[in-house]
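Note sheet for the following structure.
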Amino acid sequence: MTRGTQDETTAEAGHRADGLELTTAGLPGWLDPVVEAARTVRPRQLSRFLPPEDGGGRQSAVLILFGEGPRGPEILLQERAGTLRSHAGQPSFPGGALDPEDGDPHTTGPLRAALREAEEETGLDPAGVQLFGVLPRLYIPVSEFVVTPVLGWWREPSPVGPVDPAETARVFTVPVADLTDPAHRVTVVHPRGHQGPAFTVESALVWGFTAGVIDRILHYAGWERPWDRSRQVPLDWHA
């Protein structure tokens, strides 16, 4: 995959407000399918769990950060500390709940929160990140989080690692080539019977909300390869 340019009309179709900007200008060409997917995908194409119609739920955001590493395109993930009471050891995107100072949750609040949380959790330098899109807001019923996935291009990579080991065990990148490799794809089965897509990458099992979003991005970007959905991995009761 090589670096390319966007159509001029698309490149200039940025959104700037309150010091934050969404722009597709200067993105590498391999991100074109992700840009198009973000522009056209509908909420129910991503998940059956959507925000409550009454406006309830805790507003939050995650940063889906695409970079370019030794093996090509990659995505930044972190692994929660094994001592946490909920989702211990589970890989996830950087992110968390919006703070009042993040601003309006319906405009730039999620953008600011995604960058702030990524900096607080991984040490990422937000100045090197170009935000280029957002996906429809989704819902995590178990935690009542309303999540805005924010898409970013790691234009100027910076050193990353766990800022607080009590919260984050490690920070790592996963090549997109591994995420699309059928050998790394499985279906996880929760003890309650729920099933969902998962990835066995970088000595980790990526499942749940994070895996679901990655799965849909791969699908709608046209990067998905046929994989054996009958390969199952059971989760334990602590998941």
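The values are calculated or read from the model by the stated rules, or taken from the named source; none is laboratory data. Nothing here was measured: the structure is a model prediction, and the numbers come from that model. Please note: Cβ atoms are built from the backbone with ideal geometry, for glycine as well, and neighbour counts cover all protein chains shown. Note: accessible area is taken over every heavy atom of the protein model, side chains too, but ligands, DNA and RNA are not part of it. Shrake-Rupley method; radii C 1.70, N 1.55, O 1.52, S 1.80 Å.
Structure values in brief
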| read-out | value |
| --- | --- |
| Residue satisfying condition, being surrounded by 15 or more Cβ atoms within 10 Å (Cβ to Cβ), within 30 Å of Ala127 (Cα to Cα) and either touching a Phe, Trp or Tyr at 6+ places or on another chain (Cβ under 8 Å) or not hydrophobic (A, V, I, L, M, F, W, C) (or both), within set Pro197, Pro162 | Pro162 |
| Those residues of region 203-239 which are at positive phi and in contact (Cβ under 8 Å) with a residue 60 or more places away in the chain, in sequence order | Gly208, Gly222 |
| Verdict on Asp164 being of a type in the set (Asp, Glu), farther than 26 Å from Asp32 by Cβ and either assigned to a loop (DSSP other than H, G, I, E, B) or in contact with a His (Cβ under 7 Å, 6 or more places away or on another chain) (or both) | yes |
| Answer residue from region 178-203, given it is under 16 Å from the mean Cα position of the chain (by Cα) and of a type in the set (A, V, I, L, M, F, W, C) and is nearest to Ile64 (Cα to Cα) among those | Leu179 |
| Breaking point among (1) farther than 28 Å from Glu156 by Cα; (2) of a type in the set (Val, Ile, Thr); (3) at pLDDT 95 or above, for Thr83 | (3) |
| Spans of strands (runs of 3 or more DSSP E) in region 96-158 with at least 3 residues open to solvent by 20 Å² or more (accessible area, probe 1.4 Å) | none |
| Residue, most open to solvent (accessible area, probe 1.4 Å), within region 210-239, restricted to residues that are part of a loop (DSSP other than H, G, I, E, B) and among the hydrophobic types (A, V, I, L, M, F, W, C) | Trp237 |
| Residue tally, condition of a type in the set (Ser, Thr, Tyr) and farther than 19 Å from Ser47 by Cβ, over region 174-200 | 2 |
| Residue count, region 46-74 (criterion: open to solvent by 30 Å² or more (accessible area, probe 1.4 Å), more than 16 Å from the chain's Cα centre (by Cα) and farther than 27 Å from Asp99 by Cα) | 2 |
| Helices (runs of 4 or more DSSP H) enclosed by region 1-47 - at least 2 residues per element that are out of contact with any helix residue (DSSP H, G or I) (no Cβ under 6 Å at 6 or more places or on another chain) and modelled with pLDDT of 90 or more | 32-40, 43-46 |
